[in-house]
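Report on the structure given below.
FYI, it's all coordinate maths here, none of it is from the lab. The structure presented is a predicted model; accordingly, all values stated were derived computationally and were not measured. Here the Cβ positions follow ideal geometry from the backbone for every residue, glycine too, while neighbour counts run over all protein chains shown.
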Amino acid sequence: MTPLDAKRPLQLNDQGQLRHFLSLDGLRRELLTEILDTADSFLEVGARAVKKVPLLRGKTVCNVFFENSTRTRTTFEMAAQRLSADVITLNVSTSSASKGETLLDTLRNLEAMAADMFVVRHGESGAAHFIAEHVCPQVAVINGGDGRHAHPTQGMLDMLTIRRHKGSFENLSVAIVGDILHSRVARSNMLALKTLGCPDIRVIAPKTLLPIGIEQYGVKVYTDLAEGLKDVDVVIMLRLQRERMTGGLLPSEGEFYRLFGLTTARLAGAKPDCIVMHPGPINRGVEIESAVADGPHSVILNQVTYGIAIRMAVLSMAMSGQTAQRQFDQEKAQ
Amino acid sequence: MSLPNPADLISQMAVDLNAHLSKRAIVEPRFIGIRTGGVWVAQALLKALGSASPLGTLDVSFYRDDFSQNGLHPQVRPSELPFEIEGQHLVLIDDVLMSGRTIRAALNELFDYGRPASVTLVSLLDLDAAELPIRPDVVGATLSLAPTERVKLSGPAPLHLELQDLAL
């Protein structure tokens, strides 16, 4: 695991505005706050009779998913449509890649379709960076999740959820629980919480599901759920990623649930007004009890709604940053 | 050039707006200010009218036609319309009317909320530089500026107009 991105300036233009959205690493607090503020405005648009604004009219957003996804893919589609962009979605996992086409060749073909923006999900860490490096200038690349590395729009929608329910980050205790090792969501959340000034970030997991060097993120590590949940304001549950498990990291799912599953009884140790989040899809009875997932503390479905607004914010800001860079380059050339 | 004092313009605008509305037999109009300057003018105007009507605020950033040139305004705020738009008589208020493009964007946004019965346009200043067929129904003052000159309103209290020269 490499907690620091060497290529972080890639996602910013010369004025420090977003032009790609690849990782939350290295992004300033002001920029993250701007994303949250813009998303707040888009949330209001989502409550109107006509949920569409003309911002990206005439632009084409191409969703390229090398890995399965339902929630992320559909909310990105919805976000692009609500910005009046044209959207095409390619499930590459079921097409060219399986026929032996390289990532770069797939990319060149997509460029030839004159897309203005790619939303990429890929099973390999760093895939979105790679595409952003090799894509022709003026095309924005948004990371929709790459391997174990990052899922920055999920990270930001989680931050929006926390801010809308808790107001700010300054006095919060936030616990991230479960399969930290395989989770790009956990990485993006730890970075975002740190940047936004959350003073108490906890990760709770069995030792086998904790990556080596996790302390570099400035988090407190707990291997006991009851101890870690004590007096927290926010609980972020993670899905147990069975499909990524190789080797005997866990004795059994039943054992995991017994020790790390979030139940009503366990949640009683957290603050009475705590919120429970989960990026989905939830595994009932594996990491979370149904009574908690459907209970009064759960904001899991709100997260989905906020996800559309965050994706609208990121799509429009990245397009805006590309535009600004093009103007800047033209002025420089004159 | 000396610029007028906004406070002096507002009271006459209130009189003109009342006359305009009664001529059209509009009894309960809904007031909407365009962020940011238009909201300040609207607040002052409501005060001058002695009206306690709720004020809607509109942020037209998502509807601007210069997104592909200028990008997204970094401080976009949610529009807040605390009343129905459908079938209502609206009074749309801005600070400085220049090309008319902001009003075009505002009208497009309003129509995404519903179909108003009418829209009356009120502007503190008209710079007589329309690029679209959009004219105010009620205006505080009309000015003609040199091509490089701009007017900026500061506020909300007191409202103050300032002349800026882009060439300097």
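Couplings 3J(HN,Hα) of region B:23-39, computed from phi: 4, 9, 6, 8, 9, 10, x, 9, 9, 9, x, 8, 4, 9, x, x, 5 Hz, in residue order, whole Hz [Karplus 6.51 cos²θ - 1.76 cosθ + 1.60, θ = phi - 60°; x for Gly and Pro].
Can you show me the helix-derived [θ] at 222 nm for chain A, built from DSSP H runs with n ≥ 4 at -39,500 (n - 2.57) apiece and divided by the number of residues, rounded to the nearest 500.
Values: 11 runs with 130 residues, N = 334.
Calculated at 222 nm, the ellipticity per residue is -12000 deg cm²/dmol.
Kindly express, to the nearest 10 degrees and within the range 0 to 90, the angle between helix A:300-333's C-alpha long axis and the longest C-alpha principal axis of chain A. That helix lies at roughly 30 degrees to the long axis.
Quick check on my link table: of A:LYS166/A:LYS230; A:LYS52/B:LYS47; A:LYS59/A:LYS99; A:LYS220/A:LYS271; B:LYS47/B:LYS152, which ones sit more than 27 Å apart, alpha carbon to alpha carbon? Could the numbers behind the result be given before it?
Numbers: A:LYS166/A:LYS230 18 Å; A:LYS52/B:LYS47 34 Å; A:LYS59/A:LYS99 29 Å; A:LYS220/A:LYS271 18 Å; B:LYS47/B:LYS152 22 Å.
Cα-Cα > 27 Å for A:LYS52/B:LYS47; A:LYS59/A:LYS99; rest within.
Under 19 Å from a label point set 7 Å out along the Cα-to-Cβ vector of A:ASP231, the amide N atoms of region A:267-297 belong to A:267-275. Cα centroids of region A:189-243 and region B:116-154: 55 Å apart. Amide H contacts of A:GLU101 (H built 1.01 Å from N, in plane; Pro and chain starts excluded): no residue 5 or more places away or on another chain comes under 5 Å.
Could you tell me the ratio Rg/Rh of the protein assembly as shown? Both radii from Cα atoms, Rh via Kirkwood.
With Rh from the inverse mean 1/r over Cα pairs, Rg/Rh is 1.04.
Between helix A:103-112 and chain A there is an angle of about 50 degrees, using the helix long axis and the longest principal axis of the Cα atoms.
How far is helix A:29-46 tilted, in degrees, relative to the longest principal axis of the Cα atoms in chain A, given as a value from 0 to 90 rounded to the nearest 10? Roughly 90 degrees between the two axes.
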